[in-house]
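Have a look at the structure below, then the notes.
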Amino acid sequence: MEKKVYVTQPSLPELTEYLPYLQEIWQSRWLTNNGRFHEQFEQELAEYLGVKHVSLFANGTLALVTALQVLRITGEVITTPYSFVATTHALKWNGITPVFVDIEPRYCNLNAELIEAAITPKTTAILPVHVYGNPVDVYKIQEVADIYNLRVIYDAAHAFGVRINGQSVCNFGDLSVLSFHATKTFTTMEGGAIICHDEKTKRRIDFLKNFGFANETTVVTHGINAKMNEMQAALGIIQLKHIDTIHEKRKAIADLYRNQLKEVEGIHLLPPYPHLKYNYPYFPIYVDEKKYGISRDKLYEKLKEHNIYGRRYFYPLISHFPPYRGLPSANAQYLPVAENKTRQVICLPIYPDLPLQKVMEISSLIREFKTSAIGMPKSKSIADQHS
Ligand code: T4K
C-alpha cells in the first residue's frame, strides 16, 4: 500500500550532526537548568531572529501561560477563535476570560478593526495570533493598544523567522511567543520561546520559568518549571544552520501548489502577503462547496482515501469547545467570518521532504474531484429527464 502523506513531517538534521552534541551532554552530565547549549542557543536565536532577548521554554504553551504572568495580565483579554486551542487555554490557566473577536477574511487573522468595540473596563490585553505565519495587522493593533493602555502579547507560534518590511514580526507588541513543536517549520522536538525587548523583562521571564528562583536561596515569584533542556537546545543550534534551506524548500512546494490550484473554481488560496519574508508553515485551501461541487469534508475524506492526510486547521473554532462555548463572545452571530472559514479550510501537506511530484499528484486529485463532482449531477439530471 502507498505510504500515508501527513500534513507535515519534522525537518531533522543528519543524526551524525547531532551526535557530537549528545556526546558532550553525556560527558558533562549537564542536562538542563541553564546549560552551555541553552545559553548558546538563546544568543544565536536572538541574532538569527533579529530580536533583543530570547528566553527558551520547554514548549510554546508553557511560554504563553508564562507570558501572561510576566505582564500580570488579569480580567479580560481579546483574542481570536480561529487558532489552535492552546492560545485560549493559556488565558484559562491564568484565570483570564477570553473575549473572542471575529477574523478578517483575507488572512484569517484577528480583525483589528473590530477590537475597539470589544473593549470593556476589564480588558487588559490583546492576544492575537499570526495565523499560518501571516502577520496580523500589528500597526492597527498597537494603535488601539496605545489608546486604551492595553498590553499586546503575540502568539507567534507559526511565525518563526517571519519578517515584515525587513523587521522581525517578534519585535512588535510587548511580548511574542514562539513554538518549536515537531509540527513547526523550526523544531526542537518540543520547545518554545518568549521574545522581549528589555533586560528587566528578560530577567522576570527567566525567574518565572524556573520556580521563581533569583538565586540559590531566594524565590522572588511563584514561578513554574518551563525550562528547555540541553538536548532540545543542542538540536536548536543545529537547526538554525538549516532553517533557511528548510524555508526555501517549503517555498518551492507552496509555489507549486499555488500554480496548480490557482484556477480551480471553488478552491480559494490565501493571497501572498506583501513585503514579507515568509516561512511557509501551512498551505490552507478554502473549499466553496457551491462552486467546487463537493463539500470540504467530502474533499478531506476523498484525499484520505488516496492516503493524503490534510488537516482542518482550525476546525472546530476554539469558541465551539466546551470550556468556551458558554461565553457571550463565543456566540456564532458575532463571528460570521470565522464560522465560515472554519467550515471551508483544509491544510494540505507541506514539508521539505515532500516530493514535488506528490504535490502535483495532490493537486491533480483536487482538480479531478471537481470534474467528477460537476459530472455527477449533470448526468443525473439527464437521466432524470429521460425517466
Ligand atoms: N499557539 C498556536 C497558534 C499553535 O498552533 C500551537 C501549537 C501552540 C500555540 C502551542 O505550541 P506547543 O505547546 O505545541 O509548542 C499540532 C501540534 O501538536 C501543535 O503544536 C500545533 N500548534 C498544532 C497546530 O498542531 P495536532 O494535534 O494536530 O498534532 P498531531 O500530533 O496530530 O500531528 C500532526 C501531523 O504531524 C501528524 O499527522 C503527523 C505529523 N507528525 C506529528 C508529530 C507530533 C510527525 O510527523 N511527527 C511528529 O512527531 O497538533
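Rule-based calculations on the coordinates, nothing more; no lab input. The shown structure was predicted, so the numbers you read here are calculated from the model rather than taken from an experiment. Cβ atoms come from the backbone with ideal geometry, glycine included; neighbour counts cover every protein chain shown.
The table below lists the values:
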{"item": "Pair Gln27, Gln40: separation of 7 Å Cα→Cβ label points (nm)", "result": "1.2 nm"}
{"item": "Cα-centre dipole for region 88-163 with unit charges at Cβ (Lys and Arg positive, Asp and Glu negative), debye to 20", "result": "260 debye"}
{"item": "Within region 1-98, trypsin sites (Lys or Arg not before Pro) in DSSP loop having at most 14 other beta-carbon neighbours inside 10 Å", "result": "Lys3, Lys4, Arg29, Arg72"}
{"item": "Structure-based [θ]222 nm, the chain - -39500 (n - 2.57) summed over DSSP H runs of at least 4, per residue, nearest 500", "result": "-13000 deg cm²/dmol"}
{"item": "Share antiparallel - DSSP beta bridges, the chain, percent rounded to 5", "result": "60 percent"}
{"item": "Given Lys52/Lys209; Lys140/Lys202; Lys3/Lys262; Lys4/Lys358, the pairs whose alpha carbons are separated by over 22 Å", "result": "Lys140/Lys202; Lys3/Lys262"}
{"item": "Sparse-neighbourhood loop sites, GluC sites (Glu not before Pro) in region 1-54 - DSSP loop, at most 14 other Cβ within 10 angstrom", "result": "Glu2, Glu14"}
{"item": "From phi via Karplus (6.51, -1.76, 1.60), per-residue ³J(HN,Hα) for region 213-223 in Hz, x at Gly/Pro", "result": "6, 9, 7, 3, 10, 10, 10, 9, 7, 7, x"}
{"item": "Debye equation applied to the C-alpha atoms of the chain, log10 I(q)/I(0) at 0.13, 0.14 Å⁻¹", "result": "-1.10, -1.24"}
{"item": "In region 184-268, the trypsin sites (Lys or Arg not before Pro) that fall in loop regions by DSSP, at most 14 other Cβ within 10 Å", "result": "Lys262"}
{"item": "Spin-label model distance (nm) - Asn259 vs Leu356, 7 Å beyond Cα toward Cβ", "result": "0.6 nm"}
{"item": "Tail weight of P(r) past 16 Å, computed on alpha-carbon pairs of region 64-149, percent", "result": "49 percent"}
